[in-house]
There are 2 protein chains.
Amino acid sequence: MTESTRQVSVDLGERRYPIHIGRGLLARRDLLDEAVSARQVLVVSNEVVAPLYLHTLQEALGDRRFAAVTLRDGEQEKQLAAMLPVFDELLVQGFGRDCQIIALGGGVIGDLAGFVAATYQRGVAFIQVPTTLLAMVDSSVGGKTGVNHPRGKNMIGAFHQPRAVIADLDVLDTLPDRELRAGMAEVIKYALLGDREFLVWLEDHLDAALARDGDTLAHIVERSCRNKAAIVAADERETGQRALLNLGHTFGHAIEAARGYGDWLHGEAIAAGMCMAAELSARAGWIDDADCARATALIARAGLPTRPPGDIGPERFREFMARDKKNRAGELRLVLLRGLGDAVVTADYPEAALTATLEAASHG
Amino acid sequence: MTESTRQVSVDLGERRYPIHIGRGLLARRDLLDEAVSARQVLVVSNEVVAPLYLHTLQEALGDRRFAAVTLRDGEQEKQLAAMLPVFDELLVQGFGRDCQIIALGGGVIGDLAGFVAATYQRGVAFIQVPTTLLAMVDSSVGGKTGVNHPRGKNMIGAFHQPRAVIADLDVLDTLPDRELRAGMAEVIKYALLGDREFLVWLEDHLDAALARDGDTLAHIVERSCRNKAAIVAADERETGQRALLNLGHTFGHAIEAARGYGDWLHGEAIAAGMCMAAELSARAGWIDDADCARATALIARAGLPTRPPGDIGPERFREFMARDKKNRAGELRLVLLRGLGDAVVTADYPEAALTATLEAASHG
């Protein structure tokens, strides 16, 4: 059976680009010819993904000059030093400003390769080929690129939009279960922050998604991308509502930084972070306890953690949260819920509700 | 005597910014209050400049939260690794996306601090306070930021415009003679590439400039900035005529890379590179030998080299020039002269003229 390809457009004027969603896309020469105008192409991938899919992609790129850099896998690789071998290869190959970079991998590869593309010769074009659910529904879309710093996640980076995103659903077949569940955290995020209808749908279809039903996953990727594309198009540089996409991330980034990158998966940390945001919203009286429980229950059903590790403690949480990029003039801004499917960015929450949430999280 | 402050505007729409040129500007609170909206300020400087001017600048910044990072001096410091202590300090201080970075130094500090500003939390505002003639007339204006890679100059970077440039002519009093002359190379560049009237003026006033006559230097900085601002405003991202500013730079960057950064000053390499560009233009029959000699004579009068080091050789020149950012699809593009004050960017020159120029350069 040939399924149709779905397409979502990220509407950024002259930097508008398509997200292609479907099966067998990695082998589709027509799609790559449309996306890759360059004659010189460098693919950045990792040691897990490259053996599975690099060859297919190379074939589909035809007779272009082709080079590839394979990095180690994992969030701990997302650092400035890991960019050096990519710059080296670009220069050894003699690739010019008219080359293109293709990110073939999950969020780490996409963010790092995108930042290389943003900065090589002050900017070259790039294509996202996400190979995890999380990258398909979140990190490959919207142009945020960058690397971590030991003192904070994504602290070094640039806004640099891809020319296209190619989400080949076939690659999800080889995705480990833990990674699929981590991706569901970002999917649930879109529902909680602004798409209540999708929340109800997810409650009905979560089991089918976790069982990797094809149509269900296709719908999930498309709906998530539509949600993200709409927010990015309205606020590309995150001067306002784009910060809503950070639901669960202020707590989640603190968990990742406190545990050391790579211990908890990003999606797992965000899952616990969303539960904390819901709890704080309930403690502030903005949502009722039933709504908080409903959000937490969906996250639990996805096999994701609903509580942070018990050993971080309120002080370290606050220390890491103080470095969040949303903060202004030293004020801690959070994404909280005023309802299911209705998030706000605010520094105007009861301080006691935050304290109680952090303390509850620290006592097993 | 109080001299008036001159002002040149770089006209980039909503990213328009002023270049202030005058004496005593570093101590001018009104100017800094206008340029620095932030309450958190990090100054990046080097070990030579900081002891001379950091205190004055700090005083003028009033009661803002102030931090400073002092790097070693020299082109060899302009690399990714040297950015790390700056990111560290920003994060240790807990500075947010609404902080501002001030570059207090020459071209190396301006390029590196500007690139930190372009990438810290995906971009914060910055101010250029150039302390060399070269930085005042060239590198502080136009938003090119970045660092070198062992395989090529400025290969990693971003376009990121400053909010203001503050060129305090007083700091030129402490500038070593060799640095002043290196700056004159970029001044002469503007005359040769597009301002014949300025060329004639320079031939008359070069001695006064080298003797550091105040009015003469003020005019030189202003006229150079006007030339640069006009070109940058017309082509911010170097899709066309901005490449003219690279007169002498394809040869010059090859000299710097071949010698190892820091051996020849950037301005010295560019001086020899401009003489090579003039020679190639004469060999191609585009300018006559008298014009070539006139350009070379002015460069020599400024105490600058008119020939590259004899030990590089045509092959290594070509190897380094092949990595130039102007190249497209493997074609070597050069900035050449069709007259004094009339440069073009072209790949359409006689190959034999390039070969002869490179060979002549290699035989002392």
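The values are calculated or read from the model by the stated rules, or taken from the named source; none is laboratory data. All of these numbers come straight from a predicted model, not from anything done at the bench. Positions of Cβ are backbone-derived with ideal geometry, glycine not excepted, and every protein chain shown enters the neighbour counts.
Brief remarks follow.
- The listed residues are A:I220, A:I166, and the only one of them that is at pLDDT 95 or above and assigned to a helix (DSSP H, G or I) turns out to be A:I220.
- Condition met for A:D311 (touching a Leu at 6+ places or on another chain (Cβ under 8 Å) and of a type in the set (D, E)): no
- In summary, B:A81 fulfils each of the numbered conditions (1) of a type in the set (A, V, I, L, M, F, W, C); (2) at pLDDT below 95; (3) outside any helix (DSSP H, G or I) with the single exception of condition (3).
- The selection criterion, being surrounded by 16 or more Cβ atoms within 10 Å (Cβ to Cβ) and outside the structural domain of B:R28 (by TED's automatic domain parsing), does not hold for B:L169.
- Residues of segment B:318-364 satisfying the condition of being β-branched (V, I, T) and outside any strand (DSSP E or B): B:T355, B:T357
- Apart from one condition, B:A295 fits all of (1) more than 30 Å from B:L12 (Cβ to Cβ); (2) in contact with a Phe, Trp or Tyr (Cβ under 9 Å, 6 or more places away or on another chain); (3) in a helix (DSSP H, G or I); (4) of a type in the set (A, V, I, L, M, F, W, C); the exception is (2).
- Residues that are within 12 Å of another protein chain (Cβ to nearest Cβ), buried (at least 16 other Cβ atoms within 10 Å of the Cβ) and of a type in the set (G, A, S), drawn from segment B:59-82: B:A82
- Checking the stated criteria, B:F159 turns out to be at pLDDT 95 or above, surrounded by fewer than 19 Cβ atoms within 10 Å (Cβ to Cβ) and either away from chain A (no Cβ under 14 Å) or touching a helix residue (DSSP H, G or I) at 6+ places or on another chain (Cβ under 9 Å) (or both).
- Candidates in segment B:34-43 are the residues that are in contact with an Asp or Glu (Cβ under 9 Å, 6 or more places away or on another chain) and either within 20 Å of B:F87 (Cα to Cα) or not assigned by TED's automatic domain parsing to the domain that holds B:A68 (or both); of these, the one that is surrounded by the fewest Cβ atoms within 10 Å (Cβ to Cβ) is B:R39.
- Pairs where the first residue, in segment A:57-79, is among the aromatic types (F, W, Y) and the second is modelled with pLDDT of 95 or more, C-beta under 9 Å, 6+ apart: A:F66/A:Q40; A:F66/A:V41; A:F66/A:L42; A:F66/A:V43; A:F66/A:Q58
- The set of residues in segment A:232-260 being among the small types (G, A, S), more than 17 Å from A:V187 (Cα to Cα) and part of a loop (DSSP other than H, G, I, E, B) consists of A:G240, A:G260.
- Each residue in segment B:1-44 was checked for being assigned to a loop (DSSP other than H, G, I, E, B), under 14 Å from B:A229 (Cα atoms) and without any contact (Cβ under 8 Å) to a residue 24 or more places away in the chain, and 1 pass.
- Residues in segment B:308-317 that are assigned to a loop (DSSP other than H, G, I, E, B) and crowded, with 16+ Cβ neighbours inside 10 Å: B:P308, B:P309, B:I312.
- Cβ-Cβ under 6 Å pairs, at least 6 apart or on other chains, segment B:177-202 side farther than 24 Å from B:L265 by Cα, far side among the polar types (S, T, N, Q) and in a helix (DSSP H, G or I): B:D195/B:N227
- Options A:A271, A:A360, A:A297; residue that is over 23 Å from B:G123 (Cα atoms) and surrounded by 16 or more Cβ atoms within 10 Å (Cβ to Cβ): A:A271
- Residue within segment A:127-149 that is more than 12 Å from every other protein chain (Cβ to nearest Cβ) and surrounded by fewer than 22 Cβ atoms within 10 Å (Cβ to Cβ) present: no
- Considering (1) within 17 Å of B:G267 (Cα to Cα); (2) outside the structural domain of B:Q79 (by TED's automatic domain parsing), the lone condition that B:L133 does not fulfil carries the number (2).
- Residue match in segment B:273-283 (condition: out of contact with any Cys (no Cβ under 6 Å at 6 or more places or on another chain), closer than 18 Å to B:K153 by Cα and part of a helix (DSSP H, G or I)): yes
- Considering segment B:111-150, the residues that are in contact with a Leu (Cβ under 7 Å, 6 or more places away or on another chain) and not in a helix (DSSP H, G or I) include one that is nearest to B:D88 (Cα to Cα), namely B:Y120.
- Restricting A:D342, A:D324 to those that are within 23 Å of the chain's Cα centre (by Cα), surrounded by 19 or more Cβ atoms within 10 Å (Cβ to Cβ) and of a type in the set (D, E) reduces the list to A:D324.
- Per the conditions (1) in the same structural domain as A:G339 (by TED's automatic domain parsing); (2) buried (at least 22 other Cβ atoms within 10 Å of the Cβ); (3) in a loop (DSSP other than H, G, I, E, B), the sole criterion not satisfied by A:L202 is (3).
- Subset of segment B:89-108 (residues that are more than 14 Å from B:Q121 (Cβ to Cβ) and facing chain A (nearest Cβ under 9 Å)): B:V92
- Only a single criterion out of (1) surrounded by fewer than 20 Cβ atoms within 10 Å (Cβ to Cβ); (2) within 14 Å of another protein chain (Cβ to nearest Cβ); (3) not in a helix (DSSP H, G or I) is not satisfied by A:D263, namely (2).
- Residue match in segment B:83-104 (condition: surrounded by fewer than 16 Cβ atoms within 10 Å (Cβ to Cβ) and closer than 21 Å to B:L133 by Cα): no
- Comparison of A:K189, A:K153 shows that the only residue that is outside any helix (DSSP H, G or I), farther than 25 Å from A:R15 by Cα and either touching a Lys or Arg at 6+ places or on another chain (Cβ under 9 Å) or not aromatic (F, W, Y) (or both) is A:K153.
- Against the numbered list (1) small (G, A, S); (2) away from every other protein chain (no Cβ under 14 Å); (3) crowded, with 16+ Cβ neighbours inside 10 Å, A:A257 comes up short only at (2).
- Test: B:L112 is touching a strand residue (DSSP E or B) at 6+ places or on another chain (Cβ under 9 Å), surrounded by fewer than 24 Cβ atoms within 10 Å (Cβ to Cβ) and within 14 Å of chain A (Cβ to nearest Cβ): no
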